[in-house]
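S.K.: Sharing a structure, written as structure tokens. Questions coming.
The values are calculated or read from the model by the stated rules, or taken from the named source; none is laboratory data. Since this is a predicted model, take the numbers as computed values, not measurements. Cβ: placed from backbone, ideal geometry, glycine included. Neighbour counts: every protein chain shown. Surface areas here come from the heavy atoms of the whole protein model, side chains and all, with no ligands, DNA or RNA. Shrake-Rupley method; radii C 1.70, N 1.55, O 1.52, S 1.80 Å.
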Amino acid sequence: MTAASISASPISAAPTLEVRNLQTHFFTRAGVVKAVDGVSFTVPRGKVLGLVGESGSGKTVTGFSIIGLVDPPGRIVGGEILYQGKNLASLSEEEMRHLRGNRIAMIFQDPMMTLNPVLRIDTQMIETVRAHTKVSHEEARQRARDTLGMVGIPSPDERLKSYPHQFSGGMRQRVAIAIALLHRPELIVADEPTTALDVTIQGQILAEVQKLAATTGTSLIWITHDLSVVAGLADEIAVMYAGRVVEHGLVEQVLDRPLHPYTAGLIGSVPSRNKRGEPLRQIPGMTPSLLSLPAGCAFRSRCPRAGEECGIEPPIREILPGRDARCHRPILEAAEVASA
Amino acid sequence: MSVYLLRRLIQALGVVLVMSLIVFIGVFAIGDPVEILISPDADQIERERAIVALGLDKPLWLQYLSFLGNALRGDLGRSFVFNEPALQLILNRMPATLELAFGAMFLALLVGLPLGLYAGLKPNSPVSKGIMAGSILGFSLPTFWVGLMLIMVFAVQLGWLPSTGRGETREILGMRWSFLTRDGLAHMAMPALNLALFKISLVIRLTRAGVRETMLMDYVKFARAKGLSPARVTFVHVFKNILIPVVTVVGLELGSTIAFSVVTESVFAWPGMGKLIIDSINVLDRPVIVAYLMIIVLMFITINLVVDLTYSVLDPRVRLEGK
Amino acid sequence: MSTTTLPAAPAAPAVPPKVETPFRRFVSEFAESKIALGGLIVFTLIALIAIFAPWISPQNPYDLAQLDIMDGRMEPGTVGGDGFTFWLGTDDQGRDMLSGIMYGLRISLTVGAGSALIACLVGASLGLLAAYAGGKTDSAIMRLVDLQLSFPAILAALMILAFLGKSVTNVVIALVIVEWAYYARTVRGTALVERRREYIEAAQCLALPTRRILFRHLLPNCLPPLIVVGTMQVARAIALEATLSFLGLGVPITEPSLGLLIANGYEYMLSGKYWISFYPGIALLITIVSINLVGDQLRDVLNPRLKK
């Protein structure tokens, strides 16, 4: 692991969060599942990092590791999650709890499931306010109302008295976003928050989040499998495969000219990039089982460019200036091959 | 809401009619009604007179209508043994049974909820495994035998608790209650525990299953992601969700608790409805049996109705559908 | 032996479907739980004791000539008048408790398993019919099931016995009436799912007779949940029979089941002569627990939802 290359992030201000060689493993009966195995990235202040990968690539587990909610049999076995000079992975549960929902918030994938069905919206918002600040019930309610207004919920006073089932999916996700924003956190981990929504509502929410992040100065980790979402929203992108980051860089550079064959495959399989009438392009094969990863590069068996050296695990390295990838045979132009 | 209530009431009325028909058939068609309704000590002339008086010479459907009419006026016949109206006899015994049943349900929740919660939160700890093994035992132990063992240990060997009867009672609302006196409570302790045993196991299992299911829900993880204290997550977010099914089932179990008090009351000679019905069956005091059955049916229907209404108050989603 | 008219206790309905490889997998999955395996062994032992009671019990408790009233209410381990050791004591008639329990098990198991078997036949048939016929037949049968299930078993059984009078046959009838609904509901639920499957459609296309489709095609596929419910219901039936006998409404006093043995000891309990009630209760408890343990594991193994 070449830590030096990672700290040379494309944007070099003091980052909000820095993840170094994170390892989160699940100790199941069938064996140890290395869901996250040496993930490193930085989240620059006020910027959006898109964390992209297929299901099972470890992106969600990375999100839960950051917020300290990895449930048994999973646990963080190595690496550091640095926030304000503190390693979150080594904080006690009580210390972590004070950060959660306060300085670091999370938005979940399915808005139909994230709000407690038997508690009113006001209860669920006020308890969040009062978990971290000593304010009166009235003040907390006031703040809840203001935040609901901020995420674009009409007549927030009435809506506060509603139960979750009285909201549509999009509205519920707005409530969840409002809850995440209650304490103006420095970082929000958003785990596919628009996947379960209609495309039109997805667009609205994305625009809303972008605006909010810009006005409040909140950094975002946007976990998704959808490259088109990341393209419009993120500043930086980290592509994950089989528990590792395989490519990392500025979003326009990576999407324009991917270095890693896997990234190239992902981009190729976005339907809008295919020509009409032509069969959709796809990456051959399946995500390998994390229980029995073959030696060497995990993408080797599906990779069109794989060669003999790929039997040895490639390190992540800066292949072009500001461009990291984990590949022995990156996709380069002839001129670059010599320099790289 | 009121439409919903009305619909439920009409349904309930339908069930009462069906049950009255079943009881009627049970008493009048399967058995010999003359034998069932007229004291076996009566002589021939008395029998003839009673047959005419009871309308047993009329066609069956007319008999059913008059049975219904009498039942509506609260006349379910006279007990041969006590020579009192059967309904009155049963109503007098009802407070004893009710306080025993409610005592048992209270104990079941008091013991079962915390144990089930613990077993659900820490499913792999040895204590939880012990709790679950205990609950299998609670399901398997025959109630009457446990009652006998309780008497043997606490009344005979240790001499801590009285073995039979209600003890000292105090009168409220014209009914006598044991739970208001210290002596009465001492008498109630063993029977209530005995009756509660099965329900404790039930509550433990329901609570544990509920906790384990709820803990996996996204909204619990989201509650934790909000930085709430573990106590708040457990007791507000998890507990309120499992309370709904547990309360429903326990409420529905009130009927079966009252029914099972037949056994407990016999073991501890607790003078309630259950003891009365067993004695009545043993001496073939059939008007009392019929009256008991009709009362139990009414009770069941009322319980079901009340549970449904409580459920709609507890779960906002049900309330909406009722509108 | 005076009571060889008793039918041998039928085999527990926990017999798994006999298909080659799935059966072997079933056996190995079942054996994964040592507790359940223990339960099965204990239950087999109990069943063997019940079946062979006339040959292995030290005394024939129903033969009054063998009883000596002078041996009445002896403590466990006492040596009786004719040098006979009463390991578990004697009851008020001077009956050896150990022999009494062995014979009592015989009656309890016969009544429990017999009623469960009949209830299973009746309930499964009605459940199949409801699922297959649908419409009015279905709703009529299910209304009856709901009504039956909303009424506590003990009360229903009490009432039936109150109307019919006491006898072993009537106890079995009462238990069947109380229990058929569980089987009906279980079979209907599974059958509703199964009947939409292609193999039923294929059988219908072949114009096979309805009865053949029901019993040769539909029923075998509804067996797993039926076996689980059946196991649990045998335990329930045994407990219910014991309770009814204890209340004096069950089997006649001449051939006491475990429940009646316990009831007989009730009045001596207060004077500290615990063994008359205690040991039959232990026998009853072990029987019910062992069946429940087997049933619990069967449910886990046969429930496809729990398979990972």
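S.K.: Among A:Pro315, A:Pro156, A:Pro72, which one moves the most in a GNM of chain A with springs linking Cα atoms closer than 10 Å?
M.R.: Among A:Pro315, A:Pro156, A:Pro72, the largest mean-square fluctuation in the Gaussian network model of chain A belongs to A:Pro72.
S.K.: To the nearest 20 debye, what is the magnitude of the charge dipole of the stretch B:88-314 about its Cα centre, counting +1 on the Cβ of each Lys and Arg and -1 on the Cβ of each Asp and Glu?
M.R.: Details: 18 positive and 11 negative charges, 182 e Å.
Value, rounded to 20: 880 debye.
S.K.: Oh, and also: How well do other chains shield peptide A:113-121, expressed as the mean number of their Cβ atoms within 10 Å of each residue Cβ?
M.R.: Numbers: counts 6, 8, 4, 12, 8, 11, 7, 1, 0.
Taking the mean over all residues of the peptide, I get 6.
S.K.: Round to a whole number: what % of the accessible area of the stretch B:88-314 belongs to carbon and sulfur, probe 1.4 Å? Before the final figure, lay out each step's value.
M.R.: Working: 5990 of 8750 Å².
Ligands and nucleic acids excluded, carbon and sulfur reach 68 percent.
S.K.: A further question on this structure: Roughly how many Å² is the accessible area per residue of the stretch A:113-182, as a whole number, for a 1.4 Å probe? Let's see the in-between values first.
M.R.: On the way: 2630 Å² over 70 residues.
Using a 1.4 Å probe on heavy atoms only, each residue of the stretch A:113-182 averages 38 Å².
S.K.: Would you mind telling me which residue in B:Leu195, B:Leu121, B:Leu109 has the biggest mean-square fluctuation in a Gaussian network model of chain B, where springs connect alpha carbons within a distance under 10 angstrom?
M.R.: B:Leu121
S.K.: Have a look at A:Gly307, A:Gly217, A:Gly169 and tell me which one the Gaussian network model of chain A (Cα, springs below 10 Å) gives the largest fluctuation.
M.R.: Judging by the Gaussian network model, the answer is A:Gly307.
S.K.: Could you give the Stokes-Einstein D for the protein assembly as shown in µm² per second, using the C-alpha Kirkwood radius, 10 °C, 1.306 mPa s?
M.R.: On the way: Rh = 33.4 Å.
Rounded to a whole number, D works out at 48 µm²/s.
S.K.: Using Cα pairs under 8 angstrom and six or more residues apart, how large is the relative contact order of chain A, in percent?
M.R.: Numbers: 618 pairs, mean separation 71.7, N = 340.
RCO, chain A: 21 percent.
S.K.: Let me ask you something else. Modelled label-to-label distance, A:Thr216 and B:Ser66, 7 Å Cα→beta-carbon offset: nm?
M.R.: Label at A:Thr216, label at B:Ser66, 8.0 nm between them.
S.K.: Given the protein chains as shown and a 1.4 Å probe, how many square angstrom of A:Ser136 are accessible, to the nearest 10?
M.R.: A:Ser136 exposes around 50 Å² with every protein chain in place.
S.K.: Could you tell me what percent of the DSSP beta bridges with both partners in the protein assembly as shown are antiparallel, to the nearest 5? Kindly include the intermediate steps, with their values, before the conclusion.
M.R.: On the way: 37 of 56 bridges.
Bridges in the protein assembly as shown that DSSP calls antiparallel: roughly 65 percent.
S.K.: What's the buried accessible area, both sides, between B and A using a 1.4 Å probe, rounded to 100 Å²? Could the numbers behind the result be given before it?
M.R.: Numbers: alone 17940 and 15640 Å², together 31180 Å².
Summing both sides, the interface buries roughly 2400 Å².
S.K.: Run the dipole for the protein assembly as shown about the Cα centre, Lys and Arg Cβ at +1, Asp and Glu Cβ at -1, nothing else charged, and hand back the magnitude in debye, nearest 20. Don't skip to the end; give the middle numbers.
M.R.: Working: 88 positive and 79 negative charges, 505 e Å.
Using only the charged Cβ atoms, the result is roughly 2420 debye.
S.K.: Over the stretch A:113-182, what is the relative contact order in whole percent, taking alpha-carbon pairs under 8 Å and six or more residues apart?
M.R.: Details: 72 pairs, mean separation 30.2, N = 70.
Relative contact order of the stretch A:113-182: 43 percent.
S.K.: Probe 1.4 Å, all protein chains in place: accessible area of A:Val209 in Å², nearest 10?
M.R.: My reading of the accessible area for A:Val209 is about 10 Å².
S.K.: If you don't mind, there's one more thing I want to ask. Just to be sure I understand: if you take the accessible area of chain C alone plus chain B alone and subtract the pair, with a 1.4 Å probe, what total do you get in Å², rounded to 100? List each step's numbers first, then the result.
M.R.: On the way: alone 15750 and 17940 Å², together 30410 Å².
Buried area (both sides, nearest 100 Å²): 3300 Å².
S.K.: Given the protein chains as shown and a 1.4 Å probe, how many square angstrom of A:Arg257 are accessible, to the nearest 10?
M.R.: 70
S.K.: Counting only protein chains, not ligands or nucleic acids, how are B:Trp270, B:Trp61 ordered by accessible area (probe 1.4 Å), most first? Walk me through the intermediate numbers first.
M.R.: On the way: B:Trp270 0, B:Trp61 165 Å².
Putting B:Trp270, B:Trp61 in descending order of accessible area: B:Trp61, B:Trp270.
S.K.: How big is the gap, in Å, between the Cα center of the stretch C:219-261 and the Cα center of the stretch B:207-232?
M.R.: 41
S.K.: Tell me the angle of helix A:121-132 to the major Cα principal axis of chain A, expressed in degrees between 0 and 90 and rounded to the nearest ten.
M.R.: 80
S.K.: Same structure again: How far is the Cα center of the stretch A:174-223 from the Cα center of the stretch A:100-128, in Å?
M.R.: 13
S.K.: Do any residues of the stretch B:219-237 lose at least 30 Å² of accessible area when the full set of protein chains is present rather than just their chain alone, and if so which, with a 1.4 Å probe?
M.R.: Residues shielded by partner chains are B:Tyr219, B:Lys221, B:Phe222, B:Arg224, B:Ala225, B:Lys226, B:Gly227, B:Leu228, B:Arg232, B:His237.
S.K.: Let me ask something else. Where does each of C:Met269, A:Met286, B:Met299, A:Met150 land when they are ordered by accessible area, with a 1.4 Å probe and the largest first? Kindly include the intermediate steps, with their values, before the conclusion.
M.R.: Working: C:Met269 0, A:Met286 155, B:Met299 30, A:Met150 65 Å².
The most accessible residue leads, giving A:Met286, A:Met150, B:Met299, C:Met269.
S.K.: Shifting gears a bit: Using packing as a proxy for protection, rank C:35-48, A:58-71 so that the peptide with the highest average count of other Cβ atoms within 10 Å comes first. Intermediate values should be presented prior to the final figure.
M.R.: Numbers: C:35-48: 16.9, A:58-71: 22.6.
Listed from highest to lowest mean packing, they are A:58-71, C:35-48.
S.K.: Can you tell which of C:Leu258, A:Ala105, C:Trp180 lies farthest toward the positive end of the dipole of the protein assembly as shown, using +1 and -1 charges on the Cβ of basic and acidic side chains (Lys, Arg; Asp, Glu)?
M.R.: In the protein assembly as shown, that residue is A:Ala105.
S.K.: Rank-order A:93-103, B:134-144 by packing density, defined as the average count of other C-beta atoms within 10 Å over each peptide's residues, highest first. Walk me through the numbers before you get to the answer.
M.R.: Working: A:93-103: 17.4, B:134-144: 20.4.
Packing proxy ranking, top to bottom: B:134-144, A:93-103.
S.K.: Give me the one-decimal nm value for the distance between modelled label points at A:Ser301 and B:Ala12, 7 Å along each residue's Cα-to-Cβ direction.
M.R.: Label-label distance for A:Ser301 and B:Ala12, simple model: 6.4 nm.
S.K.: Shifting gears a bit: Given +1 on the Cβ of Lys and Arg, -1 on the Cβ of Asp and Glu, and no further charges, what dipole in debye does the stretch C:122-278 carry about its Cα centre, rounded to the nearest 20? Could the numbers behind the result be given before it?
M.R.: On the way: 13 positive and 9 negative charges, 89 e Å.
In debye, rounded to 20, the stretch C:122-278 gives about 420.
S.K.: Let me check against my output: what whole-number percent is the relative contact order of the stretch B:132-277, with C-alpha pairs under 8 Å and at least 6 apart? Display every interim value, and only then the final one.
M.R.: On the way: 142 pairs, mean separation 39.8, N = 146.
The normalised contact order for the stretch B:132-277 reaches 27 percent.
S.K.: Still on this structure, please answer the following. Just reorder C:Cys205, C:Cys222, C:Cys120 by solvent-accessible area, largest first, 1.4 Å probe, all chains present.
M.R.: Numbers: C:Cys205 110, C:Cys222 0, C:Cys120 30 Å².
The residues order as C:Cys205, C:Cys120, C:Cys222, largest area first.
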